[in-house]
Structures are given as structure tokens and as C-alpha cells.
Amino acid sequence: MTAVANPPEEMAKEIGRDRRRKEDQRLITGRTRWTDNLSIPGTLHLAMVRSPVAHATITSIDTTEAAASTNVVAVLTSEDLGESQGVCINAWPITPDQVTPAHLPIANGRVAFAGEIVAVVVARTAAEARDAAELVDVDYEQLPAVLGIKEALKDEVLAHPDLGTNKSALWVFDSEAAGTGGNADDAIAKARTDGIVIEREFRQQRLIPAFMEPRSVVVDPTGEQITVWSATQIPHILRFALAATTGVPESKIRVIAPDVGGGFGGKLQQTPEEMIAFAVARRLSRPVKYTETRSESLVSAHHGRDQWQKLTLSAEKDGTVTGLKVELEADLGAYVAIVGGGVPVLGAFMFNAIYKFPAYHFSCQTVLTNTTWTDAYRGAGRPEATFGIERMMDELAAEMGVDPFVVREKNWIKHEEFPFTTVAGLEYDSGNYEIATAKAKEIFGYDELRAEQKRRRDSGDPVQLGLGVSTFTEMCGLAPSRVLGSLDYGAGGWEHASVRMLATGKVEVITGASAHGQGHETAFSQIVADRLGIPFDDIEVLHGDTQIASKGLDTYGSRSLVVGGEALVRAADKVIEKALPFAAHLLEASVDDVKFHEGRFQVVGTDAGMALTEVATATFTAHNLPDGAEPSIDADATFDPVNFNYPHGTHLCAMEVDTETGAVKMRKYTCVDDIGNIINPLIVSGQVHGGLVQGIAQALWEEAVYDDQGTLVSGSFVDYLLPTAADTISFDVDHTTTPATTNSLGTKGVGEAGTIASTPAVVNAVVDAIRHLGVKDVQMPCTPERVWNAINHGGAGGATEAAAMPHFEPDAEPGTSSTEGAGA
Amino acid sequence: MIPTAFDYVAPTTVEDALSALATHGDDAKILAGGQSLLPVLRMRLNAPEVVIDLGKIESLRGVRDDGDAIVIGAMTPHSVVGSDPLVKEHALLIHRAVEHLADEQIRHRGTFGGALAHADPAGDLGAPALALGSSFVIAGPGGTRTVPADEFFIDLFETAIGDDEILTEVRIPKHTGWGAHYEKFVRVAHQWPIVAVAATVKGSGGSIEDVAIGLTNMGSTPLRARAAEDALRGGQDLAAAAELADQDTNPPSDLNGESSYRRHLAKVLTRRAVTAAAGG
Ligand SMILES: Cc1cc2nc3c(=O)[nH]c(=O)nc-3n(C[C@H](O)[C@H](O)[C@H](O)COP(=O)(O)OP(=O)(O)OC[C@H]3O[C@@H](n4cnc5c(N)ncnc54)[C@H](O)[C@@H]3O)c2cc1C
């Protein structure tokens, strides 16, 4: 060894490290506390009797035979449970006059969608409950069902006859009225005379969140608090809703979301099943469990998207955009879910995206239909908006005969223009679209692929190549409480964190965010490790139990890091603040002479110092603390963001289209996302990969289809096509870094970015491949049949036949018992 | 979901299985690999009182050489069929079809006989078995009978196997040296075909001496594309012959495609399958 001086010992930074996720071993092997894995002695099991028809009056329910079935404890209807079942709430009435049907957990007298619960069977085993459910004899007098937005708008057939209309609410934003821009109609009228007007109508098909772990709930009413375990994203909101609608005091309810196997927004709900389990457990004073089957999940857990989007964009001849008008129609399904009409409203702020539209008008008409209710699904409102605008920018470029980047560069916010207030009234804090785009184009090999596209076109190759662009941004980190209040949302958007310094030098971190697969335990440990200078392995992140994490607003809207992480940073800083005088006292130094650095309090200019963990031990014994000091260095913080958070990025997709069959094949996908500073690149890349696949799946594969009777045809994974690894390619994922200015870590949300950005990139690529054949749009999902129809018959490919491929022959006619056909 | 309760028997000989079938009649269901039967039971589309598992009957497993044919036991799993050298040498078309059948897990459980007995018109084995002129050996109370392929498939999920019978093996005439290709058209990898074309070709250097073409999911049973075959044997060029591929078919309409689109696909896929089978 040569005598080279070692650099001073610095602790390796945790932030930025690609740590393997500490939760993965238990999550991947499944040896963990999933709700369904819990067995409390004496548990009774529930089976739901669901309506096989979309709309009907219930003329009678005969439970005699079911009640007499082996080991059945009770068979209960809506009437039996009465007010004890509470109601399912809509927390976001988007207008004061919103039409909101009452939503009882168990239908009373009338069912409004196929899959709705009409009775619950309670038995000693799940199998016995299921057997007895088949014996509940329900008489339905069918009513006409209204299906599809366009039909609902006619108000001829009503989803809820007593309401007199299917129209729930009309929500409008107008930049002229809001003072954030001009008049969109004027801009469009002017462009009709001297500019360019692009008008399109796009379909956002209905999707099913399809989380991996089916929903499950266990309720134990036997303690001082009624304990509810649920596979939910929102334990805190659920507790509030249970208390608010059943009259049980909030302090008597404990909700636990143990390990939860994915949600994607699909578990952001106060579900009928949770309400029923709660009511039954209280009524029988016994623990109960309900776990849905996959078939039940597909028909009864809320769906997502489902909009028609009529878009009008005006521009000057040179491509400078002058106005944007968005007319949305959104299907709520049979009931207004917890976020409900708020989902499309979130999109209202994002249609203008990264572009400097001087005038903007947005309206959204929500409608009720006799289908499964809809609500948040990964991205919630922003994917729909991003799809609309990014498709339109490609259409503008095509109309002008220029490269899609030409119109984007001409209209986007330049990096030196940040912070920038948009025509929708939001202030984007930071961003740099130029460098993200430059980097993406280089990695993608944009120019070479364009050259190949030309070669294929020139030679008339049956396999054509198309390139799709999506330069997205989104608003996440839900949300500033005041903004939510101004939109009439029923709760705030803050987040809470606590840091508990244990006597042995270990640390417990508590967050009000509720991870369900995202990796918070790892990422939050990394943040605290750096902040407090404590080894990663000495930090435990606790969450998802209202007794431990008493305050919180849970996980959705890419909020956990940018809101919850900030609360955590602030709590950690308070720990240091509280520990400093203790350290100074123990070190017999003046507070001003003690500095905290990498886990140690050091008396400046001396060797004297002590570790934070030693202060924690000294605080525990409390033998020698400053006079009158409260013996605690634990700290809490509640953070209410001042602004949303705006990740952005440039996504590029190359698709091959077999013009003979309409089959599409992904050739290359590159994304360069700017999500600010990255805590854990491995987790980020997991979020981006998964997000991309979900967005690509909307473009190519997934669609919830109903037949004209209101039966969900895509009611199993045979017909609702979820992709697997075999269907995707290896993505090029990279980043640029423009830190957010609204949180201390400079982070931006990444949970939904991939899903939001990718869908239009893929569809733009498909359309680009066959635009020279006269195609201007292909409706999602871009099935081979639709693509082939678009090439050969014009249009966007049209609707698909609402029939499933049968693979499992029934011996008896399906739909004859009380539950079949509704995916029991 | 949870199936309704049923009794389970696992005989070790075909005779015992037949007598169990005779005893329970309509109330019994045969279990092979369970890859179709278990979903049916779990979705409660069927509720047999007795399930007769053929899994313990050794004589129903394996592939053997039988002179001018190879014989595949009904209980031979797809994965074994897919890697069997006799199948590859003498019935390359079966080998090719199995490569694309479902996913790895299902190929290890699902069986050759179970898939054919299930008779899903979208199943990947019917069209190749038909194209190769296979015959089906069926054991019943009165002994064993052999049914040719074009009489085996009767309708959607319906075969010549009687309620009191068991499919024991499938005899496939050797097509040694024939080229083969299974062109399967799907939207996602692990999916039943929207349409598939099974083509096997005798010939060399692109010339076609003889050809057999089977169609998957172009009707309620697997079908032969006889008109296209005849045209090719008669020396017509492939592009023209392939245009005849949808003759006498009756394809379904569903989420994945209208009947008319399936007809179109059958033509394109026939051209591609024959080209590939002929080594083009
Ligand atoms: C997710 C999934 C994807 C699939 N994808 C494909 C695919 O792409 N292509 C494809 O071809 N198949 C596919 N399959 C089906 C698969 O090939 C099954 O294995 C096959 O259809 C049934 O075979 P099995 O051995 O599992 O039979 P089982 O499910 O045990 O039985 C099927 C039926 O045949 C009867 N039966 C079985 N054996 C006999 C016998 N010897 N005599 C009389 N009756 C009998 C049974 O009573 C039952 O009615 C898929 C299955 C699943 C679950």
C-alpha cells in the first residue's frame, strides 16, 4: 500500500442508490399478511348474491332454502341490515346541483348494474357460504338498461327512473371567465377563416384496474375498537367513511391495510363489500371475512376511464396554437363513486399540457348508466387529457405536413419561462422539455427510424412503420388542501409523518401514506437514513394502520413521495432540532457550537461529539437532560403542499403495422422522464416499466365491453386482455433532472407518469404507420381488426362484436341460477 | 371460486375408469390435466358429483412408434408431446402447434387427449390432428373403436366420445419428411387463436407434391381447407389457392373479430403457413 491519504470518511448517500426493495421477499413469496391470509378464530365467511341483470326491480327475495343450508348462520338483505349498512359516499360532488343516486351497499328494491349485491350469505366456511348463495331465490322484473354514454345522453331510457335524467353534472372551465386566458370559441372562429382548425372525437374506452390481489376484508368486532382489515389503498379515508355513514364513533374503529397487492386506483374506494362486512360483523358479534373471486372483481370493483372526447384545436397557419375546446362526456356507471366525476375534472387542468394555449374552454358532462361504477384508475383524468392533446398535436402536425416535433417545439413552454402559469390556472414550477426531448430522440434513433419509415413506404412494404410522440406533463402530488376545497372535494390533501427514536438507536418512521406495492418502506428508509445519518437497516417504516399511523390521507395520485416524503423530511428535521439542545447539554457545549452532520452532533473545532442514536438513548433514560426539558426527541409533521407537482417527459414509440392483417407490433419504446431528483432508481424504473405497460395496454389490448343486455362480456381474463412480459419489449428508460422547487428533496411523482404518457405515443405511432393509407384515427384498443378496418374501410375501426369467445363449455345453461352470469 | 362439492376417484386402469363411468353415468366427469375442466368447475358452469381422474393410468401416457403411424396416449402432457422426437420426426405439424399452445405451466398440466376431447374450436390441436388424418381410439363398455378425424369432431365442445367412453389414444399417420407450419394469430401471447392455420407440405425446394391444411376457429369444429388444398395439388399458385381458404367455413364473431375479418385472416394466414411449411 502506498501512503496516499484517504479522503475524509463520508457516509455513503442512500438517496440515489438502487437499493433492492426490502419488502420484496415477503411480497413476492406471498408469505405475508395479506388480508385473506388472516384467520381469526371463529371467523364467519361471507358470500355475496349478485344481480345477473343490469337493471331490474327486485320483486322478491326468498332466503329460506339458503338459510337452511349446511352451516349457514344468516342470510341478509338490504332491508335486514337497514341503516347499519351505511352508504357508499361520493366525496366530490363536482357541481352543487350534481344528480347523485343514493348508493346503498346492498341494493334495496332495484338493481342498477349486473354484479350489484342483493343479499349476503354468512356461513361457517367460504364454501358453505358460496353453496348457499346459489340457493337464494331472487325474482327480478327486468327494466330497460341504458348502456353507453351516447344512449344515456338521450335520456330515453333511465339508469335510475326516479331521478328523471341520466345527466349527473356539467362541469365547466373557461379561461376567459377565469381570467387565465382568452375566449376559445373566438379563437376557433378566427382560425376557421385564416388558420387551421382540427376537430376530432376520441374514445377513451372503459378499463378495469385488475390489481393482482383480489379485494378482501376481515372485520373483528370483538375488541373495544372494531378492527377492519382491508385490501385497500385508503385505510384512513375508509375509517372516516365507516364512521360518517354508520354512526359508529370514529374512535371505535381501527382500520388496517396490511400488505396490499396492488391497487392502481382500483382500491381507492369505500366499497359495498367493506360496508357489508362491517355491518354483518356488528350484527352477529362475530369476526367475518369476505374475499372476492376474480370474476366478482371484474364486474363489481370500479372500472376506469370511459369517455368520449370531442376536441377542437385552432392554430395559426404556422402552427402556433390559438385555442383549445374540450367537450367531454364521461360515464360514471350506475353510481357516483367516491371520486366519481372528480376524475374527469382532474383532467380539465391537463388538456393544455405543456403548450401555451392562449384560450381554453373545457366542459364535462357526466352520465349515469346501468354499468359498473367508474372511478380512479392509474392517472385518473390525466391519461385521458394527455391522450387527447397529444393525439391532437400529432393531427396538427399531419395537417401541416410537418414533423410532430415542429408543432410541439413551437408551442411548448421554454425552460427559461418557468415558473409558468398556464391557461388552466396552474403554476408549473419547473421543467425542461427541450433537453428531455433531445435526449429521447437520440436514444431512440429518431432520424434513422424516420428514414426507415420512408423506405418502407416507398417500397410498399406490407409491414409499415410508424413513430409516435408524447411530450407529456401531469399534475400529481394530490394536493393543496385549499385547491381541493375550491373544487368542492370533501377532504384535504396534506400528509402526515412521525419519526420515533427508539432507545436502542433504531428508528421507526410512520407515514400516513399507505403503500400497496410501491416500495415506500425502502424509499422512505433511504430518505430518513440520509436525513438522520442512521443506517438504512436500522429504520423501519410503519403505515396502513390507523392505530399506528393515526393521521394520513393515504396513497393515490402520485402523492406519497412528494407530499408524504416532504412530511417525513420535516419530521426528521424536527428530531434533529429537538435533539440538538440535548446533545449540547450532554456535551457541555453551547447550542451554537454544536453542528449536526451525518448522524453526529459535533462541537465545532473539537473532537467532542456524539451520535444522534446516543442522544436517543440518553433521552430514553432521561437521567441527564436540560432542566425542564420534555424527555422526547420524537417528532411529527403534517405537510400541506402549496402546489401540485409536475413531472414531464418525452416518450417515443415505434410500431410496425402488418397491413395485410392489421396486427401491430412494438418495435422500440424510449422514454426520458424528468421526475426531478430520484430517491431510488430501481424503484423508479419499476414504476416506469409497469406504468408504461399499463398505458400501452390501454392503447392495444384492454377494453371492458358490455353486450346490449348490460352483461360484461369481458368478464374474465380470457376476454379482458392483460398483457404479460411476453407481450412487451425491453424499454429504453432514461431521465433528465430538473428538481421540483416545491419540496425539499426536489422530487416529482412517478407512480402514474408511464401510464399517462405512453398511451398516446403508441396510438400516434399506429396512426402514423398507416396515415398514408388515409387513416386519421384508430379507436382504442387498436385491435388488429380495427386497424385492418381503418385501412380498408376508413373510420377509426369501429366497435367490436360484444361477444366472448367460449372456451369452457357449460353443461347447464349459464345465467340460470341467482349468481351465474354476474361472475359469482 | 370454490366448486360445488364432488367425490373424487383415481382408477389405475382404463377398465376401472370405464366401470366408474358406467356406475355414475351423467353425474361423472373425466379429469385429465384439468386446464379446462377446473375453470368450468370453479365458475360453477358444471357441477359433477364424481370426478374420475385419469392421472394414475400409466398406459394412457407416452408416445410410441407403431409402424406407419405414431400413437400419442391421451394423458400425455403437451410439454411431453412438444419435446418428443417421434412427434417431431413424423408429425412435425403437431410439434409446431404445441410450441404455441398456451403457456409453460398449462403445457405441463394440459394433455393431448384432454385438449382434443374438450373440442374447443379455438384449441390448437384439432386442426393439426385433422390435417394429419389422425384417428381416435375410444374405449367403452363394449370394447374399443377407432374413429377417423373427420368424424371425431361433431360440434362446439362435442366429439364422438360417448358419455360412457374414454379417449385412450390418437394414431397419427407418419408424415415423415413433410414440412409443417402452424400460423397462429393472437393479440397477446398466451391466448387461444383468433384464427390459426395448420399446414403441412410434402415436396422440396418450394414445390408442392402434397399438402394438408387445417383451420382453427373457423367454425364450430376444426376444419380442412379442402378447396385450397385441391387447388394447390392441381398446381394453382399459392396466392390464388389461399383465397379459397375460407370456403365452407362458418367463423364466429366475437370481441376479437367479426366473422368476415376471420375469413380474411384465414386467407392471409394460409398463404403464410403454406409458404413456411414449404420452406419458403
Ligand atoms: C389460461 C389457459 C390458456 C389456454 N390456452 C390454450 C391455447 O392457446 N390453445 C389451446 O389449444 N388450448 C389452450 N388451453 C387449454 C389447454 O390446452 C387444456 O389443457 C385443454 O383444453 C384441456 O386439456 P386437459 O388435459 O387439461 O383436460 P381437462 O381440462 O382435464 O378436460 C377437458 C375436458 O375433456 C374431457 N376429457 C379429458 N380427457 C378425456 C379423455 N381421455 N376421454 C374423454 N374425455 C376426456 C373432460 O371431461 C373435460 O370435459 C388453455 C387453457 C388455459 C387454462
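The values are calculated or read from the model by the stated rules, or taken from the named source; none is laboratory data. All figures in this text were calculated on a predicted structure; none of them were measured in a lab. Neighbour counts run over all protein chains shown; Cβ positions are idealised from the backbone, glycine included. What goes into the accessible areas is simple: the full protein's heavy atoms, side chains included, and nothing from ligands, DNA or RNA. Shrake-Rupley method; radii C 1.70, N 1.55, O 1.52, S 1.80 Å.
Taking accessible area as the heavy-atom solvent-accessible surface of the protein chains with a 1.4 Å probe, which residues of region B:239-266 lose no less than 20 Å² upon going from the isolated chain to the full protein assembly? Those are B:Ser253, B:Asp254, B:Leu255, B:Asn256, B:Glu258, B:Tyr261, B:His264, which lose 20 Å² or more relative to the chain on its own. Karplus-based coupling profile of region A:527-542, in residue order and whole Hz: 5, 5, 4, 5, 5, 9, x, 10, x, 3, 6, 8, 10, 10, 9, 10, with θ = phi - 60° in 6.51 cos²θ - 1.76 cosθ + 1.60 and x standing for Gly or Pro.
The share of accessible area on region B:7-53 that comes from carbon and sulfur is 49 percent, using a 1.4 angstrom probe. Karplus-based coupling profile of region B:117-131, in residue order and whole Hz: 5, 5, 6, 6, x, 8, x, 7, 9, x, 4, x, 4, 5, 4, with θ = phi - 60° in 6.51 cos²θ - 1.76 cosθ + 1.60 and x standing for Gly or Pro. For A:Gly333, the residues whose amide H sits under 5 Å from its own are A:Thr369, A:Thr374, ignoring neighbours fewer than 5 places away on the same chain, with H placed 1.01 Å from N. By DSSP, the beta bridges lying fully in chain A are antiparallel in about 80 percent of cases.
For region A:239-363, the fraction of 1.4 Å probe accessible surface lying on carbon and sulfur atoms is 53 percent. To test your reading of the geometry: what angle, between 0 and 90 degrees and rounded to tens, separates the Cα axis of helix B:14-24 from the longest principal axis of chain B? Its long axis makes an angle of about 70 degrees.
At a Förster radius of 35 Å, what calculated FRET efficiency corresponds to the Cβ-Cβ distance of B:Ser207 and B:Glu89, to the nearest 0.05? Efficiency at R0 = 35 Å is approximately 0.95.
Averaged over the residues of peptide A:718-724, the number of Cβ atoms from other protein chains lying within 10 Å of each residue's Cβ is 4.
Distance from the C-alpha centroid of region A:594-631 to that of region A:495-535: 21 Å, rounded to the whole angstrom.
For n ≥ 4 DSSP H runs only, could you compute -39500 (n - 2.57) per run for the protein assembly as shown, divide by its residues and tell me the 222 nm figure to the nearest 500?
-8500 deg cm²/dmol
Return the average number of partner chain Cβ atoms within 10 angstrom of each residue Cβ along peptide B:193-199. Mean partner shielding for this stretch: 1. A cut-off of 5 Å between modelled amide H atoms, ignoring neighbours fewer than 5 places along the same chain, links A:Leu542 with A:Val509, A:Ile510, A:Thr511. For region B:204-254, carbon and sulfur atoms together expose 43% of the accessible surface, with a 1.4 angstrom probe and every protein chain in place. How many square angstrom of accessible surface are buried between A and B, both sides summed, with a 1.4 Å probe and rounding to 100? Chains A and B together bury roughly 3600 Å² of accessible area. Based on protein heavy atoms only, the protein assembly as shown ends up with 36 Å² per residue of surface accessible to a 1.4 Å probe.
For chain B, lysine pairs with C-alpha atoms less than 18 angstrom apart, excluding pairs fewer than eight positions apart on the same chain, total 5. Using the Karplus relation 6.51 cos²θ - 1.76 cosθ + 1.60 with θ = phi - 60°, the per-residue 3J(HN,Hα) values for region A:355-361 come to 9, 8, 6, x, 9, 8, 10 Hz, with x marking Gly and Pro. For A:Gly265, nonlocal amide neighbours, meaning residues 5 or more places apart or on other chains whose placed amide H falls under 5 Å from its own, are A:Arg378.
Counting Cβ atoms of other protein chains within 10 Å of each residue's Cβ and taking the mean over peptide B:33-46 gives 4. Helix B:259-277 and the long axis of chain B differ in direction by around 70°, with both axes built from C-alpha atoms.
Taking a ≥ b ≥ c as the square roots of the Cα gyration tensor eigenvalues, region A:39-379 comes out prolate, since a/c reaches at least 1.5 and a/b is larger than b/c. How would chain A be classified by its alpha-carbon gyration tensor: rounded, prolate or oblate, with rounded meaning a/c under 1.5 and the a/b versus b/c comparison settling the rest? Oblate, because a/c is 1.5 or more while a/b does not exceed b/c. When peptides A:85-91, B:209-215 are ranked by their average number of other Cβ atoms within 10 Å per residue, the highest-first order is B:209-215, A:85-91. Peptides A:523-536, A:241-254, A:16-29 ordered by packing proxy, namely the average of other Cβ atoms within 10 Å per residue, highest first: A:523-536, A:241-254, A:16-29.
Loop-resident trypsin sites (Lys or Arg not before Pro) (DSSP state other than H, G, I, E or B) in region B:1-55 with no more than 13 further Cβ atoms inside 10 Å of their Cβ are absent.
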